[in-house]
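A.B. asks: Below is a structure I'd like to ask you about.
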Amino acid sequence: MTDLKVLITRDAIAKRVGELGADITKDFSGQSIILLGVLKGAAIFLSDLARHVKLDATFDFIGVSSYGNRPSPASELKSGWDSTGEVRLLKDVDQSLKDKNVILVEDILDTGLTMTYLKKLLMARQPRSLKVAALLDKPSRRKLPLEGDYVGFKIPDEFVVGYGLDYAEKYRNLADICVVPRE
Ligand code: 5GP
C-alpha cells in the first residue's frame with residue numbers, strides 16, 4: 001500500500017497533544033493520576049501525552065479485542081465493520097483503581113463500543129474519577145452515546161493509520177496520521 005494520504009501532520013499532532021497535556025495538568029492540579037493506555041494503538045499517544053502532563057503520574061495498560069468484527073482489514077476498508085458489541089478483555093490492569101484518578105488513553109473513538117465496555121468495567125473498580133482521552137474521534141460512526149473528555153481531533157469517517165494506529169499491524173510507526181484509500 002503506497003498511496004497513503006497525510007490527514008494530520010506530526011507537527012499538528014505534537015501541538016495538540018501538548019494542549020491536551022496542559023488541560024489534564026490544569027484539571028488535576030495537586031492530584032496524582034494513572035494514565036491507562038488501551039493496547040496497542042494508544043501506546044505512542046500515551047508516551048507523548050505523558051511528557052506534557054506535569055503531575056504525579058503513573059502508567060498502566062489494558063488490552064481488549066472485539067468479537068465478531070474486523071474479518072479482514074480489506075473488507076473493513078470497503079464496507080466499514082460491524083461489531084456484535086462484545087468486547088473481550090485480553091489484559092487487565094496491574095493495580096487497584098480504587099479512589100484513583102484514572103485517565104483512559106485511547107487512539108480513536110469510533111462506534112464507542114470499546115470505550116463503553118471499558119468505562120463500565122473500570123467504574124466497577126470504584127476510581128475517584130474516570131476520564132477518557134482520545135487522540136481521534138469519528139463521531140459520525142457512533143453506535144453508543146459517548147463523549148471523550150480530552151479529544152485531539154474530530155475526523156470524518158475514514159480509515160486512518162499511523163501514530164500508533166495500524167492496518168493489519170503495520171504503519172503504527174508512521175509519524176503522521178494518514179488515510180488509507182478505500183479502493
Ligand atoms: P470502537 O469500539 O470505538 O468502535 O473502536 C475503537 C477501536 O477501533 C480503536 O481503538 C481502534 O483500534 C479501532 N479503529 C477504529 N477506527 C479506526 C481507524 O480508522 N483506523 C484504525 N487503525 N483503527 C481504528
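The values are calculated or read from the model by the stated rules, or taken from the named source; none is laboratory data. What you see is a predicted model; the values in this text were computed from it and never measured. Methodologically, a virtual Cβ is constructed for each residue, glycine included, from the backbone with ideal geometry; neighbour enumeration extends over all protein chains shown. Ligands, DNA and RNA are excluded from the accessible area calculation, which covers all protein heavy atoms including side chains. Shrake-Rupley method; radii C 1.70, N 1.55, O 1.52, S 1.80 Å.
A.B. asks: For the stretch 115-137, indicate whether the set of residues that are among the aromatic types (Phe, Trp, Tyr) and within 11 Å of the ligand (Cβ to nearest atom) is non-empty.
C.D. replies: Yes, there is a match, as at least one residue in the stretch 115-137 is among the aromatic types (Phe, Trp, Tyr) and within 11 Å of the ligand (Cβ to nearest atom).
A.B. asks: Let me ask something else. Here are some residues: Leu118, Leu130, Leu97. Which one is assigned to a helix (DSSP H, G or I) and at pLDDT 95 or above?
C.D. replies: Of Leu118, Leu130, Leu97, the one residue that is assigned to a helix (DSSP H, G or I) and at pLDDT 95 or above is Leu118.
A.B. asks: If I ask for residues that are in a loop (DSSP other than H, G, I, E, B) and open to solvent by 60 Å² or more (accessible area, probe 1.4 Å), which ones from the stretch 133-143 would you list?
C.D. replies: Across the stretch 133-143, the qualifying residue is only Lys143.
A.B. asks: Restricting the first residue to the stretch 105-121 and requiring it to be under 12 Å from Ala134 (Cβ atoms), which pairs with a second residue that is within 6 Å of the ligand (Cβ to nearest atom) and polar (S, T, N, Q) meet a Cβ separation below 9 Å and a spacing of at least six or different chains?
C.D. replies: What qualifies is Glu106/Thr114.
Condition check ((1) aliphatic (A, V, I, L, M); (2) open to solvent by less than 50 Å² (accessible area, probe 1.4 Å); (3) assigned to a strand (DSSP E or B); (4) under 18 Å from Leu20 (Cβ atoms)) across all residues:
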site	(1), (2), (3), (4)
Gly148	no, yes, no, yes
Asp157	no, no, no, no
Val161	yes, yes, yes, no
Asn173	no, no, no, no
Cys178	no, yes, yes, no
Pro181	no, yes, no, no
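A.B. asks: Report whether or not Phe59 is within 16 Å of the ligand (Cβ to nearest atom), at pLDDT 95 or above and surrounded by 12 or more Cβ atoms within 10 Å (Cβ to Cβ).
C.D. replies: Spelling it out, it is not the case that Phe59 is within 16 Å of the ligand (Cβ to nearest atom), at pLDDT 95 or above and surrounded by 12 or more Cβ atoms within 10 Å (Cβ to Cβ).
A.B. asks: Just for the stretch 138-159: of the residues that are among the aliphatic types (A, V, I, L, M) and modelled with pLDDT of 95 or more, which one is farthest from the ligand (Cβ to nearest atom)?
C.D. replies: Val151
A.B. asks: Picking from Asp11, Asp23, Asp60, which residue would you name as being assigned to a strand (DSSP E or B), charged (D, E, K, R) and out of contact with any helix residue (DSSP H, G or I) (no Cβ under 6 Å at 6 or more places or on another chain)?
C.D. replies: One residue alone meets the criteria, Asp60.
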